[in-house]
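Have a look at the structure below before the remarks.
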Amino acid sequence: RGRGGVEKDADGNVVYADLTWSHPHATAFVARLAPDRRSLTATRRLPWLSGSLTSLVCGPDGAVYIAGVGRDGIAAIARDSAALTGEQQGPKPPDKDRRGNALPPDPDRYRQLYVARLANDLSSALWVRTQAVDCTYPPTLRWTPQGLLLVAADQRILDASGKQVAVRALASRMNEMSAVEPATGRLLAGGEHQWGTGLEPWRCPYLTVHQ
């Protein structure tokens, strides 16, 4: 390490940390473009180190909803702040290799996600909801056919006011490869398992359909 604790390589060049959605310093930033997409009409950044941004959807009235990894201070970004309650996912078992040996902790694992609604002009956060989780994939938002907000990691449905109207932890975790089928409202979750048999194919894809 160089002066001031900055990490450097053998040639003396500064080594920069990878910029990822799960990095502790990742901080949400939102910008609204003008209709011609040539200028910005509004911007907003959450307080430094309060949380990243991994998903954004807009409502028919122009409202902006965001989600990401919640850090210390995320619950304080809005006066209307609450923790989501009800059934929770249990902790994930430690990752193991094909011989059953424990693998190093996943650097993307996080313990809290948040969902927030921003004012249409991005001037403030109208409400924020937090949820205790044990996940390694980015939080995502989806609209249901009924105009409600689906929060994936597990199935939590919120209305425009942030009220939780349904909750059910799913057998397979909703991840970044998930979607709501528009015609039926079914939840589709895809991903892959990593079996410990040592036999090929070691990585096995799956698709789960939730009614």
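The values are calculated or read from the model by the stated rules, or taken from the named source; none is laboratory data. Note that this is a predicted model, so its numbers are computed, not measured. Here the Cβ is made from the backbone with ideal geometry for all residues, glycine too, and neighbour counts use every protein chain on show. Please note that ligands, DNA and RNA were not included when accessible areas were found on the heavy atoms of the full protein model with its side chains. Shrake-Rupley method; radii C 1.70, N 1.55, O 1.52, S 1.80 Å.
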Problem - Residues of the range 49-74 classified as within 22 Å of TYR137 (Cα to Cα) and surrounded by fewer than 18 Cβ atoms within 10 Å (Cβ to Cβ), total - result: 6
Completion exercise
Taking the range 32-61 and keeping only residues that are in contact (Cβ under 8 Å) with a residue 12 or more places away in the chain, over 14 Å from TYR114 (Cβ atoms), touching a strand residue (DSSP E or B) at 6+ places or on another chain (Cβ under 9 Å) and not β-branched (Val, Ile, Thr), one is left with ARG32, ALA42, ARG44, ARG45, GLY59
Practice task
May I ask you to list the residues in the range 32-46 that are in a loop (DSSP other than H, G, I, E, B) and among the β-branched types (Val, Ile, Thr)?
Solution key: none
Exercise for the section: Please name all residue pairs, on different chains or six or more residues apart, with Cβ atoms under 6 Å, provided the first residue is in the range 4-31 and is assigned to a loop (DSSP other than H, G, I, E, B) and the second residue is among the charged types (D, E, K, R) and surrounded by fewer than 10 Cβ atoms within 10 Å (Cβ to Cβ). Expected result: GLU7/ARG1; VAL15/ASP9
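Condition check: among the aliphatic types (A, V, I, L, M), open to solvent by less than 40 Å² (accessible area, probe 1.4 Å) and touching a Gly at 6+ places or on another chain (Cβ under 9 Å). Does ALA26 satisfy that? Don't jump to the end; show me each part of the working.
Numbers: among the aliphatic types (A, V, I, L, M): yes; open to solvent by less than 40 Å² (accessible area, probe 1.4 Å): yes; touching a Gly at 6+ places or on another chain (Cβ under 9 Å): yes.
Yes.
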Completion exercise
If we take the range 95-211, then strands (runs of 3 or more DSSP E) inside it with 1 or more residues that are open to solvent by less than 50 Å² (accessible area, probe 1.4 Å), modelled with pLDDT under 75 and among the small types (Gly, Ala, Ser) are 149-152, 178-180, 187-194
